[in-house]
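I have placed the structure first, in the form of structure tokens, so that the comments after it can refer back to it.
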Amino acid sequence: MNKNNMSLFENALGELDENSWLDSLEKLIPSIHEVDKVPTQIWFRFYPLSLHRYLQKSEDLEATLHGFAMQGDYSLLDQIDSSHSFLYGHRYWKDIKHAIVKRAESFEGDSFDFDSEVKTLAKSVANALNQDESLLTGITLVGLMTLVQVGLENFENAKGELTKPSGLLKKSPDAIVKERQKEDKQGLFGFLKTIDKEFHVTWDESNPTAKFKAIYDEEIATAAARDQSQNWLEKDERCGEGVIPVECRAAACGTCWVGVVSGAEKLSDVQKMERKQMKIFGYRQGEESKPFMRLACQAQAEGSVSVVIPPWNGVFGKKVYGNVEKITLEPATTSAAKLREAIDEVTGSDKN
Ligand code: FES
């Protein structure tokens, strides 16, 4: 194994900053099958390169994490083979990983065109597996970014164990897309109903029981808290109320962020507060009125949606991106007040 060649490949990828990655992702979206178009974009928001690099450079990581009010598992190092289990392409992970390592071995520092690298890798694995290239493009991008954040040695040495496709994700890509577009039936006189319409929020497409009910115009975090079918706290210490972690319910803490895999258009429009806060938190939400990254305590259901819950949350926008607007935060709970201190520290909102 040629370690020197491997580091050349890592170095070439390492030249790209987060915006370059997102630009390439944007350009490659048409080449990604519909089933993974949004999930791939969500994954890139869940694991921001700028945050990773900021933490890597930190001289006192513990203090930085404390300052960012970080909770949960933010590091890809612990999730090399699992962070992308919500992508259809997750099933090809072993093959993609192998192809990336091989490419790293053969790379000699020749001219490097990132978009072509992605396409060539996706095509080679697709051909070997007799699959459509569009099903491999998203997971290839994810594989390359994982490599950048964890380093080639860790990437190669991760066991490569996969979560077997199950639930909705067991179906064909087209069947999954169709299923995501389905709306809950509202009964015989459903067309007469307005406020008591009932929908579903799916939070893990690989598990048929991973969904809770929401009524018309209800914030999805509020709907999640009504589902007490499991001891959520036992599964994730951030989940004091339901499967979606919450603290303030007032767009003040950043705990409840989710990626909306399908149905973003069936959530209420982003309001000014959520828009500003997402920047402060550091979560990269698009400028559209119904983006695929949302705060679950603000987004109200007007139809059935499917979401992914990130394994961590924090407040790092100003330190990492340096471009957030200052606003006054009103803590809604005692724990939100604690977070407020961290937020003030991060944004300097009480000092500048
Ligand atoms: S619960 Fe604090 S921002 Fe949603």
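The values are calculated or read from the model by the stated rules, or taken from the named source; none is laboratory data. A quick note: this is a predicted structure, and the numbers were derived from the prediction, not measured. Glycine gets a Cβ as well: all are built from the backbone with ideal geometry, and neighbour counts include every protein chain shown.
Step by step: first the residues of segment 86-116, then only those that are in contact with a Phe, Trp or Tyr (Cβ under 9 Å, 6 or more places away or on another chain) and surrounded by fewer than 19 Cβ atoms within 10 Å (Cβ to Cβ), then the one that is modelled with the lowest pLDDT. Which residue is that?
At the first step, the residues of segment 86-116 found to be in contact with a Phe, Trp or Tyr (Cβ under 9 Å, 6 or more places away or on another chain) are 86-87, 97, 100-101, 103-107, 109, 112, 114.
Checking the rest, the ones that are also surrounded by fewer than 19 Cβ atoms within 10 Å (Cβ to Cβ) come to 101, 103, 105-106, 109, 112.
Details: Val101: 94, Arg103: 94, Glu105: 88, Ser106: 88, Gly109: 82, Phe112: 85.
Once the filter is applied, the top-ranked residue is Gly109.
Results for (1) part of a helix (DSSP H, G or I); (2) among the hydrophobic types (A, V, I, L, M, F, W, C); (3) at pLDDT below 95, shown as yes or no for each residue.
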residue	(1), (2), (3)
Ser7	yes, no, yes
Glu10	yes, no, yes
Leu22	yes, yes, no
Leu25	yes, yes, no
Pro30	yes, no, no
Gln41	yes, no, no
Arg45	yes, no, no
Ser50	yes, no, no
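With respect to Arg294, is the statement that it is within 12 Å of the ligand (Cβ to nearest atom) and modelled with pLDDT under 95 true?
Values: within 12 Å of the ligand (Cβ to nearest atom): yes; modelled with pLDDT under 95: no.
The answer is no for Arg294.
Among the numbered criteria (1) modelled with pLDDT under 90; (2) surrounded by 19 or more Cβ atoms within 10 Å (Cβ to Cβ); (3) polar (S, T, N, Q), which one does Thr194 miss?
It fails just one condition, (2).
Mind checking which residues of segment 227-257 are within 19 Å of Tyr74 (Cβ to Cβ) and near the ligand (Cβ under 10 Å from one of its atoms)?
Selection gives Ile244, Pro245, Val246, Glu247, Cys253, Gly254, Thr255, Cys256, Trp257.
Taking Glu241 as the residue in question, decide whether it is in the same structural domain as Val305 (by TED's automatic domain parsing), crowded, with 23+ Cβ neighbours inside 10 Å, among the acidic types (Asp, Glu) and under 21 Å from Gly314 (Cα atoms). Full working, then the answer.
On the way: in the same structural domain as Val305 (by TED's automatic domain parsing): yes; crowded, with 23+ Cβ neighbours inside 10 Å: no; among the acidic types (Asp, Glu): yes; under 21 Å from Gly314 (Cα atoms): yes.
So Glu241 fails the test.
Would you mind stating whether Ala336 is at pLDDT below 95, buried (at least 16 other Cβ atoms within 10 Å of the Cβ) and under 25 Å from Arg226 (Cβ atoms)?
Values: at pLDDT below 95: yes; buried (at least 16 other Cβ atoms within 10 Å of the Cβ): yes; under 25 Å from Arg226 (Cβ atoms): yes.
Yes; evaluated as a whole, the condition is true for this residue.
Going through segment 57-115 one residue at a time, which ones are within 30 Å of Asn207 (Cβ to Cβ) and β-branched (Val, Ile, Thr)?
Ile80, Ile96, Ile100
Do we have Gln300 as assigned by TED's automatic domain parsing to the domain that holds Lys211, touching a Pro at 6+ places or on another chain (Cβ under 6 Å) and within 14 Å of the ligand (Cβ to nearest atom) here?
Working: assigned by TED's automatic domain parsing to the domain that holds Lys211: yes; touching a Pro at 6+ places or on another chain (Cβ under 6 Å): no; within 14 Å of the ligand (Cβ to nearest atom): yes.
Spelling it out, it is not the case that Gln300 is assigned by TED's automatic domain parsing to the domain that holds Lys211, touching a Pro at 6+ places or on another chain (Cβ under 6 Å) and within 14 Å of the ligand (Cβ to nearest atom).
Under the condition of being within 12 Å of the ligand (Cβ to nearest atom) and not polar (S, T, N, Q), which residue from segment 277-291 is surrounded by the most Cβ atoms within 10 Å (Cβ to Cβ)? Lay out the reasoning, then the answer.
If we filter segment 277-291 for residues that are within 12 Å of the ligand (Cβ to nearest atom), which is where we start, we get 277-278, 280-281, 283.
Filter again for not polar (S, T, N, Q), leaving 278, 280-281, 283.
Details: Met278: 24, Ile280: 24, Phe281: 27, Tyr283: 24.
So, considering only residues that are within 12 Å of the ligand (Cβ to nearest atom) and not polar (S, T, N, Q), the one surrounded by the most Cβ atoms within 10 Å (Cβ to Cβ) is Phe281.
With respect to Trp203, determine if the residue is modelled with pLDDT of 95 or more and away from the ligand (no atom under 15 Å from the Cβ). Step through it out loud before you land on a result.
On the way: modelled with pLDDT of 95 or more: yes; away from the ligand (no atom under 15 Å from the Cβ): yes.
When the stated conditions are applied, Trp203 passes them.
For Asp78, work out the one condition from (1) in contact with a strand residue (DSSP E or B) (Cβ under 8 Å, 6 or more places away or on another chain); (2) part of a helix (DSSP H, G or I); (3) farther than 23 Å from Asp132 by Cα it doesn't fulfil.
(1)
When you go through (1) at pLDDT 90 or above; (2) hydrophobic (A, V, I, L, M, F, W, C); (3) more than 21 Å from the chain's Cα centre (by Cα) one by one for Leu188, which number turns out not to apply?
All conditions are met except number (1).
Cβ contacts < 7 Å: first residue closer than 18 Å to His66 by Cβ, restricted to segment 235-254; second residue at pLDDT below 95 and β-branched (Val, Ile, Thr), any location; separation 6+ or different chain. Result?
Qualifying pairs under 7 Å: Glu247/Thr333.
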